[in-house]
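Have a look at the structure below before the remarks.
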Amino acid sequence: MSEITLFRNGRILTSQGWIRNGSLLVKGDRILDVSRTDESLDGDVEIIDARGGEIVPGAIELHAHGGNGHNFKEASETAFQEAINAHLFHGSTSIYPTLSSVNLETAERVIELTTEMMSRPDSPILGLHLEGPYFNENMVGEQSAEHIIPFHPDIYQHIIRSAKCLKRWDAAPELEGAEEFGSYCMRHRVLPSIAHTQATFKDVFNAYEAGFTHVTHFYNGMTYFHKTETSKQEGTVESVLSIPEFTVELIFDGIHLPPAILRMIYVLKGLEKIAIVTNAHTSMGLPESRGRVATMDHMIQVAVKKAGIQFEDAIRMTSETPAKIMGEHHHVGILRKGYDANICIYDNEANLQFVMQKGKVIRNELSSFVNLR
């Protein structure tokens, strides 16, 4: 196999915009160069012809519970690998495995496994995401109600101190102890995120002051503007929108939220404050008859074809923005010299054609147009 891979004949998306008629070089697991000229190299070079398509950064999945018939809470290497493979195939070249509310024993097993798998060369895992168990009992959703509990500082502090893989933890800000939890998370570089909540504006504002800056599957699992017996009341959604510094994640499948609402949030927040996520569960990646859970490349299709969002902006909401939210924008989320070689190619109809993760080809529907020189 060639040491150098040359991508050509496609538009290349960089943080400064599109490069037309340029080229992108990969050596090993890193991007060697992004050029505005069509490079012509001598020697043993693998050439990938994008056929006029779009060469873009691989997606970063901030919120996924599983895939390919497995859930991360199984706490087995097989479950992790099978689920991750499903996300890789559909364009997510980096992932934060998400663990829903479970008992402490299961959480500890998942933490141990995540830590071990993160340490492997070329691992796509960037960290662990805990979704719960500190939620409003009236907004449990698909979470296991028996595992929803109040804050226990001795427990969460021990987990945060010992679990170096933990990068994000979701909670309802109206619960007693939420502000202390948010502050402790931030001091230890764990992102606290608002989720499964009936928070009022006061709760949301106090949470923001304490360190909560992100919102989990925005609109889902939270209250909206509503009328009480005596007055009209803002919900969690409007409270979040009133604080522009919040970043939000959206399930862009057109089902959890209709396309018009997705576009409305895009207009209100802007692409630099929105991360597209799948919130994928066990059935993601399986044949359609086994379940309807959208993949990341499908999310991009919905964004472009149903919500009327430019392809470039949809890609940035799957890559550059999530990288910045998680503080990983120094090596992923952008096509730039020295960054991880996480690269996707879409055709002009936003269909995924090619996936590379840290220099390894995961998916290639351009195979007949790849050659060695």
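Here is how the numbers come out for the structure above:
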{"quantity": "Equivalent ellipsoid semi-axes - Cα gyration tensor, the range 221-373, angstrom", "calculated": "33, 19, 13"}
{"quantity": "Candidates per trypsin sites (Lys or Arg not before Pro) in the range 186-246, loop by DSSP, up to 14 other Cβ within 10 Å", "calculated": "Arg189"}
{"quantity": "Candidates Leu286, Leu262, Leu250, ranked by Gaussian network fluctuation over the chain, Cα under 10 Å, top entry", "calculated": "Leu286"}
{"quantity": "The chain - mean residue ellipticity at 222 nm from DSSP helices (-39,500 (n - 2.57) per run, n ≥ 4, rounded to 500)", "calculated": "-8000 deg cm²/dmol"}
{"quantity": "Amide H contacts of Leu128 (H built 1.01 Å from N, under 5 Å, at least 5 apart or other chain)", "calculated": "Leu166, Lys167, Arg168"}
{"quantity": "Percent of beta bridges antiparallel (DSSP, the range 166-324, rounded to nearest 5)", "calculated": "15 percent"}
{"quantity": "Candidates Glu61, Glu320, Glu349, ranked by Gaussian network fluctuation over the chain, Cα under 10 Å, top entry", "calculated": "Glu349"}
{"quantity": "Reported label for calculated Cα extents along the principal axes in Å given (i) 72, 42, 42; (ii) 99, 45, 45; (iii) 67, 52, 33", "calculated": "(i)"}
{"quantity": "Between 0 and 90°, nearest 10: helix 259-269 axis offset from the chain longest Cα axis", "calculated": "90 degrees"}
{"quantity": "Computed FRET value (nearest 0.05) for Ser15 with His158, which takes r as the C-beta separation and R₀ as 41 Å", "calculated": "0.60"}
{"quantity": "Part-to-part distance (alpha-carbon centres) for the range 289-362 and the range 18-41, which is given in Å", "calculated": "18 Å"}
{"quantity": "Residues in the range 40-55 reached by a label modelled at Ile4 [backbone nitrogen below 16 Å; 7 Å Cα→Cβ]", "calculated": "40-49"}
{"quantity": "Gaussian network model of the chain, Cα within-10 Å springs - most flexible of Ser119, Ser144, Ser231", "calculated": "Ser231"}
{"quantity": "Antiparallel bridge percentage (DSSP; both residues within the chain; nearest 5)", "calculated": "50 percent"}
{"quantity": "Whole-Å distance, taken between Cα centres, linking the range 187-239 and the range 128-160", "calculated": "16 Å"}
{"quantity": "Cβ-Cβ FRET estimate between Arg263 and Leu286, R0 fixed at 41 Å, reported to 0.05", "calculated": "0.90"}
{"quantity": "0 to 90° range, to nearest 10: angle between helix 296-305 axis and the chain longest Cα axis", "calculated": "90 degrees"}
{"quantity": "Distance between modelled label sites at Glu108 and Arg187, nm, 7 Å Cα→Cβ extension", "calculated": "2.4 nm"}
{"quantity": "Degrees separating the helix 77-89 axis from the principal Cα axis of the chain, which is the longest one", "calculated": "60 degrees"}
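None of the figures in this text is laboratory data; all of them are computed from the coordinates on show. For clarity, every value in this text was computed on a predicted model and none was experimentally measured. Counting neighbours? That spans all protein chains shown, and the Cβs are built from the backbone with ideal geometry, glycine included.
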